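The values are calculated or read from the model by the stated rules, or taken from the named source; none is laboratory data. From a predicted model like this one, the values you see are computed outputs, not experimental measurements. So basically every Cβ, Gly included, is an ideal-geometry build from the backbone, and we count neighbours across all protein chains shown. Protein only, heavy atoms only, side chains kept; ligands, DNA and RNA dropped before computing areas. Shrake-Rupley method; radii C 1.70, N 1.55, O 1.52, S 1.80 Å.
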Amino acid sequence: MSTQLLLIQALNGLQFGVLLFLVAAGLTLVFGVMDFINLAHGVQYMLGAYLGASFAAATGSFWLALLLALPVALLAGLALEWLVFRHLYARDHLAQVLATFGVILSLNQLVRMVWGSAPLQVPVPALLEGGIQLMPGLTWPTYRAAILLAGLATAGLLWLVVERTRLGALVRAGASNAPMVAALGVDIHRLFMLVFGCGAMLAGFAGVMAAPILSVEPGMGDTVLILAFVVIVIGGIGSVRGAFIAALLVGLIETLGRSLMPDLMRLFLAPSPARQTGAALASMLVYVAMAGILAWRPRGLFPVRAG
Amino acid sequence: MLRVDSLAAGYGHSQVLFDVSLGINAGQVVTLMGRNGMGKTTTVRALMGMLPALGGRVLAGRVGWQGASIIGQPAHAIARQGLGLVPEGRQVFPTLTVLENLTATARPGPWTLPRVLALFPRLGERAGNLGARLSGGEQQMLAIGRALLTNPSLLILDEATEGLAPLIRAEIWAVLAQLKAEGLAILLIDKNLGAVMRLSDHLVIIEKGRSVWSGAPEALAAAPEVSQTYLHV
Ligand SMILES: Nc1ncnc2c1ncn2[C@@H]1O[C@H](COP(=O)(O)OP(=O)(O)OP(=O)(O)O)[C@@H](O)[C@H]1O
Ligand SMILES: [Mg+2]
């Protein structure tokens, strides 16, 4: 493999990483503040992609679709919170896992009924077509660069809110000790609805942005959700900063692993088994990395809870 | 201002409080005493509405605040009516700076940040440090400052001098005396008998979830058999 291809794959890895971050940010705060395991968070990502696809088809404009999809994703998230999730906070984790898994199954089915099982394609917006030349003979799709930049900008904005405002301080305090925040007079449920709504919108945002480079299909949130859980565990549950670092790490490992492992195996094996073992090893790589990091830091890179 | 009548509460299936009663008038310092595990912290949690969040609940009894019942209200609503908690184990927010710990939950009133920093100059020196980086004594000051900045009319301190060096302990007692002199009502839980006797107007002893004795410090001093039975280990 050439260094050029390596560079491209590293960029793709970072781009995938920022998408993962947008999904993981909401997940880690919801888990951190309310001690609530929301398996259905990936559904928000899928919903974002479908909403983006539908609005783009209806309006003919990706930008208009983005503008419309965000508030609808927010409303969908708040509706789910109101209908299902708020009845689960006081329950144990098993009940939360079962109920939110039920939400995944129902919504995947609902999506199939509304949009069908066939994957939808969303065209890349005209403004961002083509590629940018990194060096002579080496281009990277402009749209992917746009995702990377938008993701980084969103991460920066989120960092400002979480680290530099009083609201952000309350969210961080809630992630480490919610009962204490409540005992000091803060309505933790209202704080949580805010966090939840923003998390749902961020995941929806990731879905809309991913739509032009992925096929939009039922269940597309599930793989992302699993990786997002790996991200929040590595980063430290409740830590936005941890989620950011871990998301970039997981994005890089996942993407580079998939392209490098088969080549690496070629050093020892014939082409066809090399491709197979390489792919198998690559899909294990993030979990191996997670195990390694947790062995070194059992509560993740940036632990948030006391004790 | 606070009246607790025949409070009963527990966690899950284990009942911890059976019959706890106590009262505090404006400007008074009342101390809840009793050996380890008798239910002092649980009493505080129950009257602050914190038990549901910790897997417990109130089974019976009344908690009145300024004449109105507050039992069954969520913790944040109770706190906002003027109850400021300095909890057992300090529980400062480890990932917030000292300044953020103080201001994140602050509510307007006579207690302002400069006043709290004047009360505890150490907190000003460490304003940018994370809560987790402070010493035990500094965390205790932070927990008291944080509660004061919610501008309570009753300050509740659960073991605020436990595990501290004698010098820091003395500083905390001096601050509490100053707060009392300014007219703040205080509900105290502390095992430091000498200091408690000097500061308190009234004492309540609980034993296995029941309030079994109450009276003035002088009355306890005059009844050695009471402290022998309920306080000495
Ligand atoms: N979260 C909890 N879940 C279940 N049981 C608890 C919980 N917290 C306390 N208990 C039990 O309730 C009883 C009273 O505990 P509590 O903390 O109220 O005592 P305390 O008087 O404050 O003791 P200490 O002086 O050690 O602080 C103890 O038997 C304790 O084991
Ligand atoms: Mg206690």
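Remarks
- Note on chain A: Cα Rg divided by 2.2 N^0.38 Å, N the number of residues, gives 1.02.
- Residue order by solvent-accessible surface for B:H76, A:H93, A:H87, B:H13 is B:H13, A:H87, A:H93, B:H76, largest first, with ligands and nucleic acids left out and a 1.4 Å probe.
- Translational diffusion coefficient (Stokes-Einstein; Kirkwood radius from C-alpha pairs) of the stretch A:157-307 at 10 °C, 1.306 mPa s, in µm²/s: 90
- The smallest convex shape that holds all Cα atoms of the stretch A:237-307, its convex hull, gives 75 Å³ per residue.
- Summarised as an ellipsoid, the protein assembly as shown has semi-axes of 54, 24, 21 Å, derived from the eigenvalues of the Cα gyration tensor scaled by 5 and square-rooted, with the largest first.
- Those residues of the stretch B:89-105 for which accessible area with every protein chain present is at least 30 Å² below the isolated value (1.4 Å probe): B:Q91, B:F93, B:P94, B:T95, B:L96, B:E100, B:A104, B:T105
- Charge-dipole axis of the protein assembly as shown as Lys and Arg at +1 and Asp and Glu at -1 on Cβ define it, positive-most pick from B:L32, B:P52, A:T255: A:T255
- With the biggest extent put first, the Cα atoms of the stretch A:130-235 measure 61, 33, 23 Å across the principal axes.
- At full extension, B:A165 and B:E207 could sit 12.3 nm farther apart than now, given 0.36 nm per residue minus the alpha carbon distance.
- Result for chain A in a Gaussian network model with C-alpha springs under 10 Å: among A:M180, A:M34, A:M193, the largest mean-square fluctuation is at A:M180.
- In nm, spacing of pseudo-spin labels at A:V288 and A:L6 (7 Å Cα→C-beta vector): 1.8
- Measuring r between the beta carbons of A:I213 and B:R57 and using R0 = 51 Å, the FRET efficiency lands at 0.50.
- The GNM of chain A, with springs linking C-alpha atoms under 10 angstrom apart, assigns the highest mean-square fluctuation among A:V250, A:V186, A:V162 to A:V186.
- Semi-axis lengths, Å, the stretch B:94-183, gyration tensor of Cα atoms, sqrt of 5 times eigenvalues: 18, 17, 11
- Computed in the context of the full set of protein chains, the accessible area of the protein assembly as shown at 1.4 Å probe radius has 64% of its extent on carbon or sulfur.
- Which of B:V116, B:V63, B:I78, positive extreme of dipole for the stretch B:1-136 (C-beta unit charges): B:V116
- Point-charge dipole on Cβ atoms (K/R +1, D/E -1) for the stretch A:127-269, about Cα centre, debye to 20: 380
- Here is how the number arises for the protein assembly as shown: DSSP H runs of 4 or more residues each give -39500 (n - 2.57), the sum is divided by the residue count, and the result at 222 nm is -19000 deg cm²/dmol.
- Once the chain from A:R164 to A:Q109 is taken as fully extended at 0.36 nm per residue, the excess over their C-alpha distance is 15.7 nm.
- In the assembled protein chains, B:E125 presents an accessible area of approximately 140 Å² (probe radius 1.4 Å).
- DSSP-defined antiparallel bridges as percent of all bridges, the protein assembly as shown, nearest 5: 60
- About the centre of its Cα atoms, the stretch A:14-296 shows a dipole size close to 180 debye [charges on the beta carbon of Lys, Arg (+1) and Asp, Glu (-1) only; nearest 20 debye].
- A simple spin-label model places the labels of A:F101 and A:W296 3.2 nm from each other, with each point 7 Å out along Cα-to-Cβ.
- When the accessible areas of A alone and B alone are added and the area of the pair subtracted, with a 1.4 Å probe, the result is around 1800 Å², both sides summed.
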